[in-house]
Amino acid sequence: MASVHESLYFNPMMTNGVVHANVFGIKDWVTPYKMALLVLLSELGRASSQLGLLERRRLNRLLLPLLQGPDMPLSRLRKAIEESCPQLASSVHIRLKLMAEGELKDMEQFFDDLSDSFTGTEPEVHKTSVVGLFLRHMILAYNKLSFSQVYKLYTALQQYFQNDEKKCEIDKNDEELTNTEEMEGKMEKEELDEPLREEEMSCSGPLSQKQAEYFLSQQASLLKNDETKALTPASLQKELNNLLKFNPDFAEAHYLSYLNSLRVQDVFSSTHSLLHYFDRLILTGAESKSNGDEGYGRSLRYAALNLAALHCRFGHYQQAELALQEAIRIAQESNDHVCLQHCLSWLYILEQKIFDSCVLLEHSVNKSLHFGLPQRAFAGKAANKLMDALKDSDLLHWKHSLSELIDISIAQKTAIWRLYGRSTMALQQAQTLLSMNSLEAVSVGVQQNNTESFAVVLCHLAELHAEQGYFAAASEILKHLKERFPPNSQHAQLWMLFDQKIQFERAMNDGRYHIADSLVSGITALNSIEGVYRKAIVLKAQNQMSEAHKLLQKLLIHCQKIKNTEMVISVLLSIAELYWRSSCHTIALPVLLQALALSREYSLQYLASETVLNLAFSQLILGIPEQALNILHMAIEPVLAHGAVLDKGCAMFLVAKCQVASAASYTPEKKVEALESAILNLNEAKTYFAKVDCKEQLRDVLYFQARLFHTLGKTQERNKCAMLFRQLHQDLPAHGVPLINAFK
């Protein structure tokens, strides 16, 4: 369609068939669509006194997107006007019909009459208004046309109107031929075909400067705030390629192409577009104009820094380190402290193996505050220092109304509180972000916040609900995530991973290990460490101890190497459980003590509490239940306050086991009291297990309760528990009743 456009319209980008680099030297040119807009403005001026207040408001709101947006077919334009004012739409159609079916002099007279809008003591249009500037641009562009170009424009106007007439005839014939039932199907088909408007836009020819700027800013805003409303990656890239065909040096188009490539994880295209963006930024002189002589060097160092961030995003850490070294070298030569601070932040991520990460973190936060660059803080620091650093950064965010950084900070605090095992605080932070209004203005109908921060918070919220047994609520949150972040969006991998993890936990709780095993491959594709860990859990549940141990040992070495402390502790706890099941109880103790030391060093309170519960279980196995009960009181409170329902049930079950084991040395009266207390704890554990549908643990609790009721001589309660146990035991595979050989 570009060649058709060049032959029909006056195209300032073409001279003797050669495309000029500075295609936006002339801001606008006349097209049939813009002539239709001129007719609309003319008719609006005539009928303004006859329009109601509501109709005028609708038309005023409609004008700006029509003036700034790309050319569209006449049928769509007329439909848009009809929704605001049907009478005016009819007048515009009649006026265009008279002009298209008349003579060339009618179009000439129309443009001559446009100048009258600015005359008189009270002109219809002010020269400096949005409409006034558009009219003046069109009049100026029309006056510069030669006679042959005027004739081509008139021919294009006739074709533009005839295409609309043909479409109306086809639609009319379809309505006459279809019955009522087929009409419903047709409406559904039209709704499905609405995305084809993207193709209509691509056939409208090259965009003017204002149209291109509006298109790029609109799509960039949609990619940031509501990706579902933006063009699909393929359609957007087609538009950008068409735009760059006529203006290869349009730097902003290259940057939007870079963002679009990131949506589909295309490393080659994103790197290509990013390099072209900075190349064009230097060639056009935009940086030099805004930054003086430093513009050229500034582009180079930030180009290297952005390239390092890009490689880091795709996991190319060696290439990222080389690009980062280049950025540091250029920034040091230019004495650019701000750029060096950004480099320091990325250096912390890339070189944890080489440098002391705590020193880098502290230096990064201090320098960030000095230069006004609040940065992210990572795990590994003491909780109070970490929260103080985030608090200082938040002060700067709110002071300068940095909406995106505020969202990121709240999302980070949500994740950090979950890491520390404070689910209540994490829930509070998540609700804070979800109830906030964005500080940035967005268009009507666009979601306020469709950023990565909101995706992270919603994912944590879904997992928190699932941990408490509210699976229906978690499903609703995930459903909302799927609608808000479709599978082809750049943040979809976040909810995909959480969805797979929640399904995995439910399958494990229900004893459906074959289903859990089938989910491992999906988790591994999204997060290899999580996938390997869950594969080991499945092997352990299937009593494949040697295979699970080998996998956990490899994972432990890898996590220690990359300093993934949270996973290291989880792996150590799983290894300890393998030793219990293999009757190597004494070997499990050093492993648990190592996990406890790590969890306390990194202030991971919940993992520390879980480790203490495992130590109490070890003491129960070794025959010292009284000592196990003593240390249980230290750990059970955080678990009951912030833990998952399954962990609460396991903790109460363990308390009951320790109470029964300790009662062996009590007097008869005290023993009865201890056993009754154990039954109450078992009832609480049973409630927790039932909430998450954990049938194996329920079976164990019922068996234990039946034995206790038998000891106390309560036959009716014993028979009830025995009956429920039998029902569950028939449904579940017979692995025995592991009352003592496993904590969970």
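Each of the peptides 210-223, 604-617 was scored by the mean count of other Cβ atoms within 10 Å over its residues; in descending order, highest first, they stand as 604-617, 210-223.
Only protein atoms count toward the accessible area here, which uses a 1.4 Å probe; on region 607-710, the carbon and sulfur part of that area reaches 56 percent.
Between Gln209 and Val267, the contour length at 0.36 nm per residue exceeds the Cα-Cα span by 17.9 nm. Extents of region 598-744, taken as max minus min of Cα coordinates on every principal axis and listed largest first, are 50, 39, 25 Å. Return the carbon/sulfur percentage of the accessible area of region 523-574, one whole number, probe 1.4 Å, all protein chains in place. Of the solvent-accessible surface of region 523-574, carbon and sulfur hold 54 percent. Residues in region 635-646 carry Karplus couplings, in order, of 9, 6, 4, x, 5, 5, 7, 10, x, 6, 4, 4 Hz; the curve used is 6.51 cos²θ - 1.76 cosθ + 1.60 with θ = phi - 60°, and Gly or Pro positions show x. Considering region 472-532 at the alpha-carbon level, its Rg and Dmax are found to be 12.0, 34 Å. Label-to-label distance for Leu589 and Arg61 is 7.4 nm, based on points extended 7 Å past Cα in the beta-carbon direction. Pairs exceeding 31 Å between alpha-carbon atoms, taken from Lys648/Lys720; Lys413/Lys657; Lys540/Lys714: Lys413/Lys657; Lys540/Lys714.
Applying 1/(1 + (r/R0)^6) with r as the Cβ-Cβ distance of Gln431 and Ala690 and R0 = 30 angstrom yields a FRET efficiency of 0.65. Modelled label positions at Thr128 and Tyr666, each set 7 Å beyond Cα in the direction of Cβ, lie 8.9 nm from each other. Normalised size of region 636-695, defined as Cα radius of gyration per 2.2 N^0.38 Å with N residues, equals 1.21.
The values are calculated or read from the model by the stated rules, or taken from the named source; none is laboratory data. As the structure is a prediction and not an experimental result, all values here were calculated from the model. Every residue, glycine among them, receives a Cβ derived from its backbone with ideal geometry; neighbour counts consider all protein chains shown. Side chains included, ligands, DNA and RNA excluded: accessible areas come from the protein's heavy atoms. Shrake-Rupley method; radii C 1.70, N 1.55, O 1.52, S 1.80 Å.
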